[in-house]
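S.K.: After the C-alpha cells below, expect a handful of questions from me.
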Amino acid sequence: MSTGTIIQQLINGVTLGGMYALIALGYTLVYGIMLMINFAHSEMFMVGGYVGLFVLTALTNPDLVGASTVEFFTGSTAGLIALFAIVFLVSMIAVGILGVLIERFAYRPLRHAPRLAPLISAIGVSIFLQNAVLLWVSTKQLPYPAVLPIKPAFGFAGARITNLQLFIIVTAIALMLILDTFISRTRIGKAMRATSQDREAAGLMGIGINRVIALAFFIGPALGAVAGVFFGLYYGSVSYSMGFVPGIKSFTAAVIGGIGNLRGAMLGGFALGILESLAAGFLNPGYKDVIAFLILILVLIFRPGGLLGESVVEKV
C-alpha cells in the first residue's frame, strides 16, 4: 500500500473520528454526572440529522424563503457559512431541548431507583424515538441536499482532503476545545465537575443539581446533533435506523478513552475512527466493525479504566 493511500485512510479516519468523538462526549458527560449510560443518545444523534435535513431543505427551497435568499445561501462562501450556522444552531437547540425533556420525564423520576431502572428507561426512550421517526417521518432513507459542492481542498503525498472533510474536522475540533474550556474554566463548568465528584456535597454547597444535570443533557445531545448533520452531509442521506451503529461505536470510543473523561472521549473517538479506517483500507471493509469491538475488548481486559481513565478500587 502506497504512502498516499495510508495518508488518505488517516484523513478519512480523522473525519470519521471527529463524528464519533462528538457523539461520545454526550455519553461521557451524562455518565460523569449521573453514572448512567444514556442509550437514547444515539437516537438523539439521529434526530439531529433529521432536524438538520429539514432546516437545510427549507432554507434552500425558493418557494419557502424566496429565490434571492436561496441564491445568497448557495451562491457565496459567506452565504454557505450563514446557512450552516443556522442549520447547526437550530439542530443543536432542538435536540438539546429534547434531551432536557427526556431527562425531566424519563430519568429524573428514577434518579433514586436501582441503577437498572434508568438503564431500562433509556432503552425504552431509544426504541420510542426510533419508531416515532419511522412512523411519523419516513421509512426510507432521505437524501441530503447537495448544497456544498464536494471538491478537493488540498492534496498531500498523493492523498486529497475534501472541503467537506476539512469542514467536519475543523468544526469538530473547535467544538471540543470550546467544551473543554467551558468545563474547565467557567463557573458553571466547575459546578458540573463538582456535581460529578459528589452530587450530595455539591447540593449542600448551594449548587443546583437539577440545573447542572439538565445542562449536561442539553450539551450532550446538542453535540450529537452536530454529528448527525455531519453524518447526513458526509454519507448523503439519513434514516430512522442510522443512530444504532454510530451510537454503539461512539460508546465504545468513550469507554476506550475512559468513560466520564471528556478528553478521553475525544481521544477515543479519533483513535477508533483512525483504526477503523485503516482496517477498512488494509484488510477489508467488512472487518472494520470487528476491529472496533476487538479493540474495546482488549482495552477492557488490559486497561478497564480506559486510556485516560483511572481504575478505581471499591472498598467493602
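Rule-based calculations on the coordinates, nothing more; no lab input. All values reported here derive from a predicted model rather than from experimental measurement. Cβ: placed from backbone, ideal geometry, glycine included. Neighbour counts: every protein chain shown.
S.K.: On alpha carbon coordinates alone, what is the Rg over Rh value for segment 1-63, Rh being the Kirkwood radius?
M.R.: 1.18
S.K.: Select from segment 100-155 those trypsin sites (Lys or Arg not before Pro) which occupy a DSSP coil region and have at most 12 other Cβ atoms within 10 Å, ordered by residue number.
M.R.: Taking segment 100-155 and a limit of 12 other Cβ atoms within 10 Å, the loop trypsin sites (Lys or Arg not before Pro) found are ARG115, LYS140.
S.K.: When the helices in the chain are scored as -39500 (n - 2.57) per DSSP H run of 4 or longer and the sum is shared across all residues, what 222 nm value do you end up with, to the nearest 500 deg cm²/dmol?
M.R.: -24500 deg cm²/dmol
S.K.: Hey, another quick one. Between segment 109-173 and segment 2-29, what is the separation of their alpha carbon centroids in Å?
M.R.: 14 Å
S.K.: Using a/c under 1.5 as the rounded threshold, could you call the chain rounded, prolate or oblate? The axes a ≥ b ≥ c are square roots of the C-alpha gyration tensor eigenvalues, and prolate needs a/b larger than b/c, oblate otherwise.
M.R.: Cα axes put the chain in the oblate bin.
S.K.: Neighbour counts of other C-beta atoms within 10 Å: give me SER138, SER126, SER196, SER42 arranged from fewest to most.
M.R.: So the residues, fewest neighbours to most, are SER138, SER196, SER126, SER42.
S.K.: For MET205 paired with ALA67, estimate the spin-label separation in nm (one decimal), with each label point 7 Å from Cα along the Cα-to-Cβ line.
M.R.: Taking the simple label geometry, MET205 and ALA67 are separated by 6.2 nm.
S.K.: Now for a different question. Given 0.36 nm per residue, what is the gain on full extension from ILE297 to ALA132 after removing their alpha carbon distance, in nm?
M.R.: Gain in length upon complete extension: 56.1 nm.
S.K.: Residues with amide H under 5 Å of THR162's amide H, sequence separation 5 or more or different chain, H placed in the peptide plane at 1.01 Å from N; which?
M.R.: ALA153
S.K.: Further question: On average over all directions, what projected area in square nanometres does segment 181-262 have, based on the convex hull of its Cα atoms?
M.R.: Dividing the Cα hull surface by four gives the mean projection, 6.6 nm².
S.K.: So, one more: Give the order of GLU276, GLU200, GLU71 when sorted by the count of other beta carbons within 10 angstrom, beginning with the fewest.
M.R.: GLU200, GLU71, GLU276
S.K.: Give the total of Lys-Lys pairs in the chain with Cα-Cα distances below 30 Å; include a pair only if its members are 8 or more places apart or on different chains.
M.R.: Taking the chain as the scope, the lysine pair count is 8.
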